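Peer 1: Got a structure here, written out as structure tokens. Questions coming.
Quick note: the coordinates plus some simple rules give every number you see, no bench work behind them. Note that the coordinates shown come from a computational prediction; the quantities given were computed from them, not determined experimentally. Every residue, glycine among them, receives a Cβ derived from its backbone with ideal geometry; neighbour counts consider all protein chains shown.
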Amino acid sequence: EKGGFKHFMLKEIHEVPEAIESALVGRFDEDLKPNLKELDEFNLEKVKRILLVACGTSYHAGLVFKYFAEKYLDVDVLIDVASEFRYRPIRIDDNTLTIAISQSGETADTLESVRAVKKAGGKVIAITNVVGSTITRESDITLFMNAGPEIGVAASKTYVNQLIILYTLGLYMMKKRGIWSEEHNIISKQLNESPKIVRKIINNEKINQLADYYKNYHHFMYIGRGINTATAMEGALKLKEISYINAVAYPAGELKHGPIALLDPTFPVFAIAPKDSLYEKMRSNIEESRARNARILSIATEGDEEIKKISHDVIYIPEAHEDLYPLIIAPVIQLFAYYIADKRGYDPDKPRNLAKSVTVE
Ligand code: M6R
């Protein structure tokens, strides 16, 4: 049932390309413009505020959406983890839309947040993977992520599919609001080509080799900027939950406000540093970390030779539109955590103390 793979998690990471295809199918017209007509009753043209609620990995997917949506749309995306959201005041008006993201569709805090929004008179779009789950039944509409069953406790292909749905939703709002541009054609085209790109990435043996080297560290500092702040956070979560290595994540600009004090040769930095508009800023943060004698492992865009001068190790990923790097990099951080967990002798499918769906508060 593991299809020749040692663990479900590895199998599920290898299923990412086909999972993406299933998420995209039927959601784009022939001209590669998104089509989510089922959402038209939600007045996407008028929405001014989006409340985004989720836990864990799903929260990180939401964070990617916040950066993507706010970059192009005249909306504010307020995002919170569900366990906090549900206990804070909820303000809803006619131009507020709520999006609840939950792979399982059963997470207690996310469900209670949906209930609270509904009680306050709001509309909820759910993004889940499980047909018939409680959150899908209680929300106004569900966009299914169609990733297929995920057995590994740590989310892998479902994170990628959440991103696919959220990019599609963002693009659809851009189309509906008449701000579609050539740039969106490019994003849309690359999104539709992403299965091909990911297929190359998951077979990169370098990730496995580096895991061999890094498996004995006790700490990791993940840093990223902008939309890849979420990538750093997700990378650290994956490493913590399956390999039990202490990993912290920060927006790179925060380093000098405290966490840089931790860095020394025993505390490597995992830098998410693709060629994007914040690349130069990331470079200085990497240099600052290096000056503290931290070992640097960077994820960078193919062709970036400069990064080698300031990093001890580099994992290259293909060039893409900058907004799509969280999607392209997701399988890399997942594989890195997977290989480390396996090499440390842990079962990545069944991390201690964790359950696949958290149905209690
Ligand atoms: O089913 P959900 O998406 O609502 O689950 C949310 C989190 O519990 C989940 O993402 C958790 O963080 C996983 N352990 C991530 O790998």
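Peer 1: Count charges around Gly105 for me, please; just the other residues with Cβ under 11 Å from its Cβ, Lys/Arg as +1, Asp/Glu as -1.
Peer 2: -1
Peer 1: Distance in nm between label sites at Lys343 and Leu262, each 7 Å beyond Cα in the beta-carbon direction?
Peer 2: So the label points at Lys343 and Leu262 sit 2.1 nm apart.
Peer 1: Please arrange Arg115, Arg27 by how many other C-beta atoms lie within 10 Å of their C-beta, fewest to most.
Peer 2: Going from least to most buried by this count: Arg115, Arg27.
Peer 1: Based on the alpha-carbon gyration tensor of the range 273-342, what equivalent-ellipsoid semi-axes (square roots of 5 times the eigenvalues) come out, in whole Å, largest first?
Peer 2: They are 19, 17, 10 Å, listed largest first.
Peer 1: Quick one: compute the contact order of the range 121-263, relative version, from alpha carbon pairs under 8 angstrom and 6+ residues apart, as a percent.
Peer 2: 14 percent
Peer 1: Moving to a separate point now. Helix-only estimate, please: 222 nm mean residue ellipticity of the chain, summing -39500 (n - 2.57) across DSSP H runs of length 4 or more and dividing by its residues, to the nearest 500.
Peer 2: Taking each H run of at least 4 residues, the total per residue is -13500 deg cm²/dmol.
Peer 1: Using +1 on the beta carbon of Lys and Arg, -1 on that of Asp and Glu, and nothing else charged, what's the dipole of the chain about the Cα centre, debye to 20?
Peer 2: Computed about the Cα centre, the dipole is about 660 debye.
Peer 1: In Å and on Cα atoms, what radius of gyration and Dmax does the range 61-116 show?
Peer 2: Computed over the Cα atoms of the range 61-116, radius of gyration and Dmax are 11.9, 32 Å.
Peer 1: Within a 10 angstrom radius of the beta carbon, how do Val114, Val358 rank from fewest other beta carbons to most?
Peer 2: By the 10 Å Cβ count, ascending: Val358, Val114.
Peer 1: By how many degrees, between 0 and 90 and to the nearest 10, does the Cα long axis of helix 205-214 differ from the longest principal axis of the chain?
Peer 2: Once rounded, the angle reads 60 degrees.
Peer 1: Hey, another quick one. Cross-link partners among lysines for Lys119, C-alpha distance below 25 Å, same-chain residues fewer than 8 apart left out?
Peer 2: The reachable lysines, counting only those whose Cα sits under 25 Å from Lys119, are Lys46, Lys48, Lys66.
Peer 1: Oh, and also: Considering only C-alpha atoms, what is the centroid distance from the range 1-29 to the range 52-66, in Å?
Peer 2: Between the Cα centre of the range 1-29 and that of the range 52-66, the gap is 21 Å.
Peer 1: Oh, and also: List residues of the range 98-136, by number, whose backbone nitrogen lies under 13 Å from a label position 7 Å along Cα→C-beta of Lys356.
Peer 2: 103-106, 129-131
Peer 1: Turning to a different aspect of this structure: Find how much the distance from Tyr213 to Asn35 grows on full extension, using 0.36 nm per residue of separation minus their present alpha carbon separation; answer in nm with one decimal.
Peer 2: Extra length available between Tyr213 and Asn35 comes to 59.6 nm.
Peer 1: Using only Cα atoms, figure out Rg for the range 221-275 and give it as a multiple of 2.2 N^0.38 Å.
Peer 2: 1.06
Peer 1: Using only alpha carbon pairs under 8 Å that are at least six residues apart, calculate the relative contact order of the chain and give it in whole percent.
Peer 2: Once normalised by length, the contact order is 20 percent.
Peer 1: Taking a 25 Å limit on the Cα-Cα distance, which of the listed pairs Lys176/Lys275; Lys206/Lys343; Lys2/Lys200; Lys11/Lys343; Lys240/Lys343 fall beyond it?
Peer 2: In this structure, Lys176/Lys275 lie more than 25 Å apart at Cα.
Peer 1: Let me ask you something else. Cα axis of helix 56-72 to longest principal axis of the chain: angle in degrees, 0 to 90, nearest 10?
Peer 2: In the chain, helix 56-72 runs at an angle near 70 degrees to the longest axis.
Peer 1: If we count every other residue with Cβ under 13 angstrom of Val131's Cβ, Lys/Arg +1 and Asp/Glu -1, where does the sum land?
Peer 2: 0
Peer 1: Can you give me the distance in nm between label points at Val131 and Val248, each placed 7 Å from the Cα along the Cα-to-Cβ direction?
Peer 2: Taking the two extended label points, one gets 4.5 nm.
Peer 1: If you split all Cα-Cα distances of the range 18-173 into 5 Å bins from zero, what percentages do you get per bin, shortest first?
Peer 2: 2, 10, 20, 24, 23, 14, 6, 2, 0
Peer 1: Moving to a separate point now. Simple spin-label model, 7 Å along Cα-to-Cβ: Asp80 to Asn203 in nm?
Peer 2: That separation, rounded to one decimal, is 4.7 nm.
Peer 1: Helix 108-119 against the longest principal axis of the chain: what's the angle in degrees, Cα atoms only, rounded to the nearest 10?
Peer 2: 30 degrees
Peer 1: Follow-up question, since we're still on this one. What list do you get for Ile135, Ile101 if you sort them by fewest beta carbons within 10 Å?
Peer 2: Arranged by neighbour count, lowest to highest, Ile135, Ile101 become Ile135, Ile101.
Peer 1: Between beta-carbons, use under 14 Å as the cut-off and find the net charge around His218, counting Lys and Arg +1, Asp and Glu -1.
Peer 2: With Lys, Arg at +1 and Asp, Glu at -1, the neighbours total +3.
Peer 1: In addition: Could you tell me the relative contact order of the range 36-79? Use alpha-carbon pairs under 8 Å, at least six residues apart, and round to a whole percent.
Peer 2: Once divided by the residue count of the range 36-79, the mean separation gives 45 percent.
Peer 1: Step through the residues of the range 122-127 one at a time and calculate ³J(HN,Hα) from phi using the Karplus curve (6.51 cos²θ - 1.76 cosθ + 1.60, θ = phi - 60°), rounding each to whole Hz and writing x for Gly and Pro.
Peer 2: Each residue of the range 122-127 in turn: x, 9, 10, 9, 9, 10 Hz.
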